[in-house]
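Visitor: Structure incoming, see below.
The values are calculated or read from the model by the stated rules, or taken from the named source; none is laboratory data. On a predicted model such as this, the values are computed, not experimentally measured, just so you know. Cβ placement follows ideal geometry from the backbone for every residue including glycine, while neighbour counts extend to all protein chains displayed. To get the accessible areas, we keep the full protein, side chains included, count just its heavy atoms, and leave off ligands, DNA and RNA. Shrake-Rupley method; radii C 1.70, N 1.55, O 1.52, S 1.80 Å.
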Amino acid sequence: MIRRVLENGRVASMQPGAEGYAPRPARLLIEGEVIADCLAPDEDLPDGFRDAPAEDLGGRLVTPALIDCHTHLVYGGSRAEEFEMRLNGASYEEVARAGGGIVSTVEATRAASEDVLLAGALRRADRLIAEGVTTIEIKSGYGLDRDTELRMLRVARRVARERAVDVVTSFLGAHAIPKGQDADRYIDEICIPALRDAAAEGLVDAVDGFCENIAFTPPQIARVFDAAAVLGLPVKLHAEQLSDLGGAVLVAERGGLSADHLEYLGAEGIAAMADAGTVAVMLPGAFYTLRETQLPPVEALRNAGVRMAVATDSNPGSAPMSSLLLAMNMSATLFRMTPEETLRGATANAAAALGLNDRGRIAKGLRADLAIWDAETPAELTYRIGDAPLYTRYYKGTPC
Ligand code: DI6
Ligand code: FE
């Protein structure tokens, strides 16, 4: 097993508590894919590490590698035209009802080959990787038919084979009502059978939905969640993005991993999420792009002890962005999250949102997924706009 010593780093471990955020001089020991230990600079190296190759980090900041826990990275086409429409006055709902919006990406995605979809997804994944991301969640949801949903998920799996990055997939068949179809019939006759087929192929790590008045009702989402439960798959939900339909309560009651967006989340949803330990995923890129004015209840979530994550929501419509650092900046500036919260949101809490307890913090036994930055303080990662001060990334113990 390969052993490495990373000398002279300043480590923000992102362990719970203030000391997890304050950079501490340390020497990090890596054994194979995991962190063997995080020692004080003057502590002796244990047996097996004395002859191991050492890298001098020159006092640089070390954090857990970043995790983007909510993306729609795989899709065909572009929505620049819709962007222009909205700037000429049309609302998101109007665009959707006019057959634009998600449905137009569905057409482009259905028409695209696996290789074309892969090329687009890799371009965006590379942007994330260049900012120190090592785990990316990728959803389906632009197929809305069995074959295209499965093709999207196969492409998502291929991203992980083509790049030094982990991909966690979510089946999002309940993303939009396909043109001319009845929502209930779509859920029961297309979405749920497609989910079963995708799961049988090992393509699904979690099940997501869009609970909204332009998409699916809570009872429709509940049927998808029932199917997920039978398959033993965890659930999450796009909830309370444009209105409060009670999606957060629904997903929390199912012990869901996360409820995402949450601009219109109310007290009942917050309480249910706190009880269930469901993570609140903040997606300021969509808030920004849609020029939303309703802010997610960050302070109430904080006071209720709900863990908050931050993600890009990278998608062609509401968040055409491929920068998690920018999402962190927007979470601070637009949502008033603190830089500590945004960094926890893109590391430890993002891991929790994906149900992963082997990463997102720097501690003995966890995955050696690290980001090493040309930065003095962790706040700099959130503070700068359009600047990715990444020095190196370690993925499973290897610099790359
Ligand atoms: N909410 C969103 O913001 C994205 N999906 C969702 O459920 C929008 C996706 C799109 O407009 O293509
Ligand atoms: Fe989304």
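Visitor: Taking only region 272-326 into account, find how many residues are touching a helix residue (DSSP H, G or I) at 6+ places or on another chain (Cβ under 9 Å), within 16 Å of ligand 1 (Cβ to nearest atom) and under 19 Å from L237 (Cβ atoms).
Guide: 21
Visitor: Only residues in region 1-16 that are without any contact (Cβ under 8 Å) to a residue 40 or more places away in the chain count as the first member; pair them with residues that are assigned to a loop (DSSP other than H, G, I, E, B), Cβ under 7 angstrom, at least 6 apart or cross-chain, and list the lot.
Guide: Final answer for the pair search is M1/G32.
Rundown of residues vs (1) under 24 Å from L290 (Cα atoms); (2) not β-branched (V, I, T), yes/no style:
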{"position": "D188", "(1), (2)": "no, yes"}
{"position": "A198", "(1), (2)": "no, yes"}
{"position": "G209", "(1), (2)": "yes, yes"}
{"position": "E212", "(1), (2)": "yes, yes"}
{"position": "Q220", "(1), (2)": "no, yes"}
{"position": "L233", "(1), (2)": "no, yes"}
{"position": "V249", "(1), (2)": "no, no"}
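Visitor: Which helices (runs of 4 or more DSSP H) sit wholly inside region 223-320 and have at least 1 residues that are away from ligand 2 (no atom under 16 Å from the Cβ) and open to solvent by 10 Å² or more (accessible area, probe 1.4 Å)? Don't jump to the end; show me each part of the working.
Guide: Numbers: elements: 247-253, 267-276, 284-289, 298-304.
By residue number, 247-253, 267-276, 298-304.
Visitor: Taking A112, is it without any contact (Cβ under 8 Å) to a residue 40 or more places away in the chain, open to solvent by less than 20 Å² (accessible area, probe 1.4 Å), away from ligand 2 (no atom under 16 Å from the Cβ) and farther than 27 Å from A26 by Cα?
Guide: On the way: without any contact (Cβ under 8 Å) to a residue 40 or more places away in the chain: yes; open to solvent by less than 20 Å² (accessible area, probe 1.4 Å): yes; away from ligand 2 (no atom under 16 Å from the Cβ): yes; farther than 27 Å from A26 by Cα: yes.
In short, yes.
Visitor: In addition: Scan (1) open to solvent by 50 Å² or more (accessible area, probe 1.4 Å); (2) closer than 23 Å to L122 by Cα for the single condition M152 breaks and write down its number.
Guide: Here M152 clears every test but (1).
Visitor: For T63, indicate whether it is within 30 Å of T148 (Cα to Cα) and surrounded by 15 or more Cβ atoms within 10 Å (Cβ to Cβ). Give the derivation first.
Guide: Details: within 30 Å of T148 (Cα to Cα): no; surrounded by 15 or more Cβ atoms within 10 Å (Cβ to Cβ): yes.
Judged against the criteria, T63 is not a match.
Visitor: Pick out the one residue from G141, G202 that is within 16 Å of ligand 1 (Cβ to nearest atom) and on the phi > 0 side of the Ramachandran plot. Steps first, please.
Guide: Values: G202 fails: within 16 Å of ligand 1 (Cβ to nearest atom).
Exactly one residue qualifies, and that residue is G141.
Visitor: Just to be sure before I move on: is L257 touching a residue at least 60 places away in the same chain (Cβ under 8 Å) and of a type outside the set (F, W, Y) in the structure I sent?
Guide: The answer is yes for L257.
Visitor: Here's another thing I want to ask about it. For region 164-196, enumerate the residues that are among the charged types (D, E, K, R), more than 16 Å from ligand 1 (Cβ to nearest atom) and not in a helix (DSSP H, G or I). Show your work before the answer.
Guide: As a first pass, look at region 164-196 and keep what is among the charged types (D, E, K, R): 166, 179, 182, 184-185, 188-189, 196.
Right, trim to more than 16 Å from ligand 1 (Cβ to nearest atom) and you get 166, 182, 184-185, 188-189, 196.
Result: D166, D182.
Visitor: Please enumerate the residues belonging to region 24-81 that are charged (D, E, K, R) and within 16 Å of ligand 1 (Cβ to nearest atom).
Guide: Looking only at region 24-81, we keep the residues that are charged (D, E, K, R), and these are 24, 27, 31, 33, 37, 42-44, 47, 50-51, 55-56, 60, 68, 79, 81.
Those that are charged (D, E, K, R) and within 16 Å of ligand 1 (Cβ to nearest atom): D68, R79, E81.
Visitor: Still on this structure, I have one more. Conditions: (1) within 15 Å of ligand 1 (Cβ to nearest atom); (2) over 21 Å from Q241 (Cβ atoms); (3) touching a Leu at 6+ places or on another chain (Cβ under 9 Å). R86 meets all but one. Number of the miss?
Guide: (2)
Visitor: Condition check: at pLDDT below 95 and either surrounded by fewer than 19 Cβ atoms within 10 Å (Cβ to Cβ) or away from ligand 2 (no atom under 16 Å from the Cβ) (or both). Does G58 satisfy that? Step through it out loud before you land on a result.
Guide: Working: at pLDDT below 95: no; either surrounded by fewer than 19 Cβ atoms within 10 Å (Cβ to Cβ) or away from ligand 2 (no atom under 16 Å from the Cβ) (or both): yes.
So G58 does not fit the description; no.
Visitor: I've got another one for you. In region 227-250, what residues are of a type in the set (V, I, T) and touching a residue at least 12 places away in the same chain (Cβ under 8 Å)?
Guide: Residues of region 227-250 of a type in the set (V, I, T): 230, 235, 249.
Within region 227-250, V235, V249 meet the criteria.
Visitor: Would you check if R161 is open to solvent by 50 Å² or more (accessible area, probe 1.4 Å) and within 16 Å of ligand 1 (Cβ to nearest atom)?
Guide: Numbers: open to solvent by 50 Å² or more (accessible area, probe 1.4 Å): yes; within 16 Å of ligand 1 (Cβ to nearest atom): no.
Against the criterion (open to solvent by 50 Å² or more (accessible area, probe 1.4 Å) and within 16 Å of ligand 1 (Cβ to nearest atom)), R161 does not qualify.
Visitor: Additional query: Out of everything in region 190-202 that is open to solvent by 10 Å² or more (accessible area, probe 1.4 Å) and among the hydrophobic types (A, V, I, L, M, F, W, C), what residue ends up being farthest from S314 (Cα to Cα)? Let's see the steps before the verdict.
Guide: Quick first cut of region 190-202, residues open to solvent by 10 Å² or more (accessible area, probe 1.4 Å) only: 190, 192-193, 196-197, 199-202.
Checking the rest, the ones that are also among the hydrophobic types (A, V, I, L, M, F, W, C) come to 190, 192, 199-200.
Working: I190: 25, I192: 25, A199: 24, A200: 27 Å.
So, considering only residues that are open to solvent by 10 Å² or more (accessible area, probe 1.4 Å) and among the hydrophobic types (A, V, I, L, M, F, W, C), the one farthest from S314 (Cα to Cα) is A200.
Visitor: Out of D358, D369, report the one residue that is in contact with a Gly (Cβ under 9 Å, 6 or more places away or on another chain), crowded, with 22+ Cβ neighbours inside 10 Å and modelled with pLDDT of 95 or more. Step through it out loud before you land on a result.
Guide: Numbers: D358 fails: crowded, with 22+ Cβ neighbours inside 10 Å.
Result of the check over D358, D369: D369.
Visitor: From the list A346, A363, which one is touching a residue at least 12 places away in the same chain (Cβ under 8 Å), surrounded by fewer than 24 Cβ atoms within 10 Å (Cβ to Cβ), of a type outside the set (V, I, T) and within 23 Å of P16 (Cβ to Cβ)?
Guide: On the way: A346 fails: surrounded by fewer than 24 Cβ atoms within 10 Å (Cβ to Cβ).
None of the others qualify; the one that does is A363.
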